[in-house]
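Undergrad: Input: one structure, supplied below.
The values are calculated or read from the model by the stated rules, or taken from the named source; none is laboratory data. These numbers come from a predicted model, not from an experiment. Here the Cβ positions follow ideal geometry from the backbone for every residue, glycine too, while neighbour counts run over all protein chains shown. Note: areas computed on protein heavy atoms with side chains; ligands, DNA, RNA excluded. Shrake-Rupley method; radii C 1.70, N 1.55, O 1.52, S 1.80 Å.
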Amino acid sequence: MQALFARSAALSLLLLAGPSCVLWGQSPTGSPAAGAVVTEHPLAVRSGLSVLEAGGNAADAAVATALTLSVVLPRAGNLGGGGFALWVPKEGEPRAVDFREVAPSGTDPRAYFNGEDEVVSSRSLRGPMAVGVPGTPAGLWHLYREYGSGRFSFRELAADAIRLAEEGFPVDPWLARSLNSTSLREKMNSAARAIFYPEGEGLVEGDLLVQSDLAETLQLYARRGPRAIYEGEIAEAIVKELRRTPVPAAEAGTPADGFFQIELEDLSSYEALERMATRVRFRGWEVLGMPPPSSGGLVIGQVMGILEGFPLSEERVPRERGGYAPTPRLIHWWIEAMRHAFADRAEHMGDPGPKNDKVPVGELLSDARIAAARVAIGERADLEVGPWGMELPQESDETTHLSVLDSAGNAVSLTTTLNTSFGSCILVEGAGFLLNNEMDDFAVTAGVANTYGLVGSDANVPARGKRPLSSMSPTVIRDGDGEVRVVIGAPGGPRIITAVTQVLLRLLLLEQGLVEAVAAPRLHQQWRPMSTRFEGGWDPAVIDALEERGHPVSVEPKASFASVQAIRVLKRAGEGGEVERVVEVASDPRRGGAGGIQGQSVSEPSRPK
Ligand code: DON
C-alpha cells in the first residue's frame, strides 16, 4: 500500500503509518497545510507535486498530472480520449467539467449490425466506428483557463510531459507486462506498433520509451491551445488515420456502405461542458459527484441515500484495532442498494442533452424514489428488480484517475480514459497519440450488453452528437463546515462505482483507516448479471451468510476490481485545543500507482504479481 501522511501540527517528523510521513506546521488558515497528489504513475505524481510546490493550485496540478499521464501511462492517460473532472474550490460552488467523447455526426446505430441483424460487437471496440470525438484537449484546457491559479502558462504545466515524451522515460513493470502478456500487438495499428514494439518486440521494463511525435503534438497544444488538435494538421491526421482503418467484419468501410467515422467538422465543433455536480447527504457528510453523462454521481448518490435510512449503526461491529466491521446484513443492504441503483442506470441514464433535461436527475435522487427502493429491500436478495435478462460481463481494465488537493483546500478529482486498454489501439500517425473506443459505452440497442456487461435503454443508444453513458465517478466529500475531506475516484468500468462506494462506506461509516479502506477486498454488483462478484480475501462466513439470504455469488480469488486513488484530510483536536489537519494519500495496491504530499518523496508503486 502506498500511503503518505502529512499533519498540520507544530512538531516534526513523527511516524503515523505507512512508508513515509511528515508532520507539518499548523496552518493558520484552517486549510490542509499540505497539498497532495495521487494517481497511477509516480512520474505523473511528481509533475503535479512540483506545480503545487511552485505555488500552483489543485487545477494547475491536475492539468500537469493529466498531461504527464498522457505520456507515461499510454494504456489510459490520453489526448485522444475523454473524461470528467470535479473542481471543488475552498470557497464557492463545485463544478463538474464534462469532457466526455461525442458520437460523430454520421453516427447510425444500424452500422453496428451485420446483414443478419446481429450486433457485431467488435465494431464499437475496434475500427473507425469505435472512436468518439476526443474531449481531453478541450477538457484540460478548460480546467486550466477557468480554475487554474493564473500563475502558470499552459506550456509551463506541460513542460514535464513534453520532456518525458521527447527524452523518454524507463518503461515500468506494469506497462511492460501489458505490452508483452496480451494479444495487444495484433490489435495495434502499424503506427502504434512502431512505438511500442520497435523491431517487432514489445518494450520491456527499463527500456526507454521515446515518443517524439507526441512531444511535438504536446508542444503545439501547449502553444496554441486545443484548436491545435481539433483543427489543422492534427485534425486532418486523425481523419486520415480512421479513413485507412478497416471496419471489422466488413468488406468495405466507407460512408457509402453505411459506415461512419469522425470528420473534420466533428473535431472543430467539440466543446467541453460545465455541469452541476450531484450532491447527496450521508451521515452529515456532503457527497459531490459527477452528473450525467456519467452515471457515477447518481448511482453512488442512490446507494448512499438508500443506505442512510437503514439502522446502519446497529450493523457494524467494533474491532479491537479500531473502526468497525460490517455485519452480513449490512453487506446485504449494500448489495441490494447497488442492484436497485444499477437497474435505474440501465433504464434511465444516458446523455442529458445540452439542456440537461433528458435524464430525470432530480427524480432519480428524490427522497421518494430512494425511500421506495429502501422499502423494497427485505431480508433476502431480490433478483426480480428491473426488466432485462442476464448478460455476462467481460474483463477490461483501463482508465485512470487522479486526485489532487492543494494547501488552500481546493480539490480536483479527475478520471480520464481511452475506454479499454490502449483504447481502439489506433495511433494517429505523425501525432503520436492513441484514439479511444468510447463508442462501446453506448448501448447499441436496448438490452444488448457492452464489453462491461452493462445493458442500457434508448437513453443510451448511439446518435449524432450524443455522449455515451459512463461509470467514471470522480467524487469529493465535504464535512459540515464545507471543508474538503476526501478526494477519490478510480478506473475500472462499472466497478469504479462500487469500489468508490465501498471505500467511502469504510471511511465514513466503518471509520476505517484510509490505507485499509482502499486495500480491503471488494465486491461488485451491477444488477445484470444477478450474481455478486467477490474478490479474494473475504471471510467465507460472510459469503455463506449472504448465500443463505438468497444471493448468487461468484468468488474470484484472482480478480481485482478497480484501482482507487484517494486523499483524505483528518481533523483532530490538537494539544492546545486547536484543530489539527492530517493529510493522507493512498494509491490502490492493486496497480502501480503512487501518492505524494508536498515536500515529501513520492511513494514506491506496487509491482505486478
Ligand atoms: O466511461 C466508462 O465508464 C468506461 N469507458 C470506463 C472504462 C474503464 O474504467 C476501464 N478501466 N479500467
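Undergrad: Over the range 122-276, how many percent of alpha carbon pairs lie in each 10 Å bin up to the one with the longest distance?
TA: Here the calculated profile for the range 122-276 is 10, 29, 35, 23, 4, 0.
Undergrad: Go through Ala161, Ser105, Pro134 and say which Cα lies farthest out towards the positive end of the charge dipole of the range 70-166; charges sit on Cβ, +1 for Lys and Arg, -1 for Asp and Glu.
TA: Ala161
Undergrad: With +1 on the Cβ of every Lys and Arg and -1 on the Cβ of every Asp and Glu, and nothing else charged, how large is the dipole of the chain about its Cα centre, in debye rounded to the nearest 20?
TA: The calculated dipole for the chain is roughly 820 debye.
Undergrad: Can you give me the span-like helices of the chain, meaning DSSP H runs with 24 Å or more of Cα extent along the axis and Kyte-Doolittle mean at or above -1.0?
TA: The answer, listed by residue number, is 328-348.
Undergrad: If DNA, RNA and ligands are ignored and the probe is 1.4 Å, what is the ranking of Thr445, Thr415, Thr327 by accessible area, most exposed first?
TA: Thr445, Thr327, Thr415
Undergrad: Follow-up. Could you give the Stokes-Einstein D for the chain in µm² per second, using the C-alpha Kirkwood radius, 4 °C, 1.567 mPa s?
TA: Reported coefficient: 54 µm²/s.
Undergrad: Which lysines have a Cα less than 16 Å from the Cα of Lys355, not counting those fewer than 8 places away in the same chain?
TA: Once the sequence-local lysines are set aside, what remains near Lys355 is Lys466.
Undergrad: Given the protein chains as shown and a 1.4 Å probe, how many square angstrom of Asp351 are accessible, to the nearest 10?
TA: 20
Undergrad: Let me ask something else. Could you tell me the center-to-center distance, by alpha carbons, between the range 547-609 and the range 484-522 in angstrom?
TA: The distance from the Cα centre of the range 547-609 to that of the range 484-522 comes to 7 Å.
Undergrad: Using modelled backbone amide H atoms (1.01 Å from N, in-plane), which distant-in-sequence or interchain residues come within less than 5 Å of Ser470's amide H?
TA: Under 5 Å from the amide H of Ser470: Ser294, Ser295.
Undergrad: When the dipole is taken about the Cα centre of the range 82-133, and only Lys, Arg (+1) and Asp, Glu (-1) are charged at their Cβ, what size is it in debye, to the nearest 20?
TA: Roughly 200 debye for the range 82-133.
Undergrad: Around Gly550, what is the net charge, scoring Lys/Arg as +1 and Asp/Glu as -1 over all other residues with Cβ under 15 Å from its Cβ?
TA: Spelling it out: positives minus negatives among the neighbours equals -3.
Undergrad: Please name whichever of Pro293, Asn450, Ala36 sits farthest to the positive end of the charge dipole of the chain, dipole taken about the Cα centre and charges placed at Cβ: Lys and Arg +1, Asp and Glu -1.
TA: Ala36
Undergrad: Same structure, new question: Output the Kirkwood hydrodynamic radius of the range 54-169, Cα pairs only, in Å rounded to one decimal.
TA: Across the range 54-169, the inverse of the average 1/r is 16.2 Å.
Undergrad: Let me cross-check Trp174: its accessible surface, 1.4 Å probe, with only protein heavy atoms counted, in Å² to the nearest 10?
TA: It works out to around 30 Å².
Undergrad: Any aspartates and glutamates with Cα under 13 Å of the Lys558 Cα? List them, leaving off those in the same chain fewer than 8 positions away.
TA: Glu395, Glu535
Undergrad: For every helix of n ≥ 4 consecutive DSSP H residues, a contribution of -39,500 (n - 2.57) applies; sum these over the chain, divide by its total residues, and give [θ] at 222 nm rounded to the nearest 500 deg cm²/dmol.
TA: The per-residue figure over the chain is -9000 deg cm²/dmol.
Undergrad: Along the positive direction of the dipole of the range 133-252 (beta-carbon charges: Lys, Arg +1; Asp, Glu -1; about the Cα centre), which of Ala192, Leu208, Val171 reaches farthest?
TA: Ala192
Undergrad: Continuing with this model, one more query. So what's the projected area for the range 437-476, the Cα convex hull averaged over all directions, in nm²?
TA: 3.4
Undergrad: Among the lysines, which have Cα under 28 Å from the Cα of Lys571 when same-chain residues fewer than 8 positions away are ignored?
TA: Counting by Cα, and skipping residues close in sequence, Lys571 has these lysines nearby: Lys90.
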